[in-house]
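A short worksheet on the structure shown next.
The values are calculated or read from the model by the stated rules, or taken from the named source; none is laboratory data. Model, not experiment: these values are computed from the prediction. Glycine gets a Cβ as well: all are built from the backbone with ideal geometry, and neighbour counts include every protein chain shown. For accessibility, only protein heavy atoms count, side chains too; no ligands or nucleic acids. Shrake-Rupley method; radii C 1.70, N 1.55, O 1.52, S 1.80 Å.
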Amino acid sequence: MSALGYIPEQLSAIHVLDSVGDNILIADTTYNIQWMNANAANLLTVIAPLYGLTSVDDIIGMNMDQFHASPKRQQAVMKSLQDSHRTRITIKDRIVTDIVVTPMKNEHGHINGYIVMLTDVTTKAEEEAEKEKLIHALSVPIIHIWEKTISLPLIGEFDTERADRMIISVLEECTQHRIQYVLLDLSGLFIADDAIHHHIQKLTDCLRLIGAECIITGIKPKLAQTVGRLEHHIQTFQTAYAGLQYIIQNKKRH
């Protein structure tokens with residue numbers, strides 16, 4: 001669909017681009033920066049010194065490839081670009097930006113330049129990195145407590161992201177070391193709700209598929225109702241010691 005309406009005579013397209021709140025660059029067909037609006041100039045004032053430039057004005061004429069860690073890959077993307085392309089780049093390991101590159105086409109459909117919108121997400125990226133570190137820090141430790149037996153103490157709150165990480169880690173550990181028993185200790189959980197029931201059932205089902213048995217321990221009164229809804233063949237014990245005794249006796253029988 002072509003653009004609708006018209007720009008009032010007293011306004012130019014450049015004036016409009018310079019007035020919007022986004023950081024906007026315009027590059028030519030060889031990806032050299034030809035223009036930037038005031039907001040982009042403010043952002044790039046911080047970036048210019050990272051390239052040894054004394055002024056943001058020196059970025060005019062600079063090739064966009066210099067912003068990318070893998071210029072050849074970016075050139076391949078640009079050569080096949082027909083619609084908007086979104087990506088995230090880290091400039092000089094300091095500034096993280098989300099960018100949207102859109103080709104500008106003439107009436108014949110030929111590309112005669114590119115408009116680039118940048119959003120500084122450095123703080124957001126740092127927050128995401130910290131969250132990732134926290135997730136890893138809160139990951140469930142896998143403890144080898146006996147022959148072909150591991151223990152998983154669940155501590156704190158347990159959301160879907162953390163549960164999925166746990167299941168993947170446990171399955172990898174079980175297949176790699178031929179684990180037969182997984183002792184799942186719930187005594188450190190803060191919350192017992194329907195989500196916990198779902199995560200535990202999913203873990204036990206996955207373990208059954210690879211020939212391992214899940215044994216649940218650390219059943220507190222507030223967990224009893226949640227655990228009680230699990231399938232009846234799942235062994236449950238009040239303490240980890242009792243669960244381990246069951247495993248030892250069961251292995252002796254076999």
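Might you check whether a residue that is at pLDDT 90 or above, of a type outside the set (Lys, Arg), in a loop (DSSP other than H, G, I, E, B) and within 19 Å of LYS251 (Cβ to Cβ) occurs anywhere in the stretch 184-206? No; the residues of the stretch 184-206 include none that is at pLDDT 90 or above, of a type outside the set (Lys, Arg), in a loop (DSSP other than H, G, I, E, B) and within 19 Å of LYS251 (Cβ to Cβ). Looking at the stretch 99-147 only, could you name the residues that are at pLDDT below 90 and in contact with an Asp or Glu (Cβ under 7 Å, 6 or more places away or on another chain)? Correct list: THR119, VAL121, ILE135, ILE142. Pairing residues of the stretch 26-39 that are on the phi > 0 side of the Ramachandran plot with residues that are outside any strand (DSSP E or B) and surrounded by 16 or more Cβ atoms within 10 Å (Cβ to Cβ), at Cβ distances under 8 Å and at least 6 apart in sequence or on separate chains, gives TYR31/MET64; TYR31/MET78. Within the stretch 43-71, if we keep just the residues that are within 25 Å of the chain's Cα centre (by Cα) and closer than 18 Å to ASN32 by Cβ, the residue that is modelled with the highest pLDDT turns out to be PHE67.
Note on the stretch 39-94: residues that are within 19 Å of ASP18 (Cα to Cα) and among the acidic types (Asp, Glu) total 2. Among the residues of the stretch 76-123, those identified as of a type outside the set (A, V, I, L, M, F, W, C), over 17 Å from THR45 (Cα atoms) and in a helix (DSSP H, G or I) are LYS79, THR123.
Checked against the criteria, ILE216 does not count as open to solvent by 60 Å² or more (accessible area, probe 1.4 Å), modelled with pLDDT of 80 or more and touching a helix residue (DSSP H, G or I) at 6+ places or on another chain (Cβ under 8 Å). Applying a threshold of 7 Å to beta carbon distances and a minimum spacing of six or more residues, or different chains, the list of pairs starting in the stretch 43-60 at a residue that is over 18 Å from THR119 (Cβ atoms) and ending at one that is hydroxyl-bearing (Ser, Thr, Tyr) and open to solvent by less than 70 Å² (accessible area, probe 1.4 Å) reads ALA48/SER55.
Here LEU154 fulfils each of the conditions (1) surrounded by 19 or more Cβ atoms within 10 Å (Cβ to Cβ); (2) more than 24 Å from the chain's Cα centre (by Cα); (3) not in a helix (DSSP H, G or I) apart from (2).
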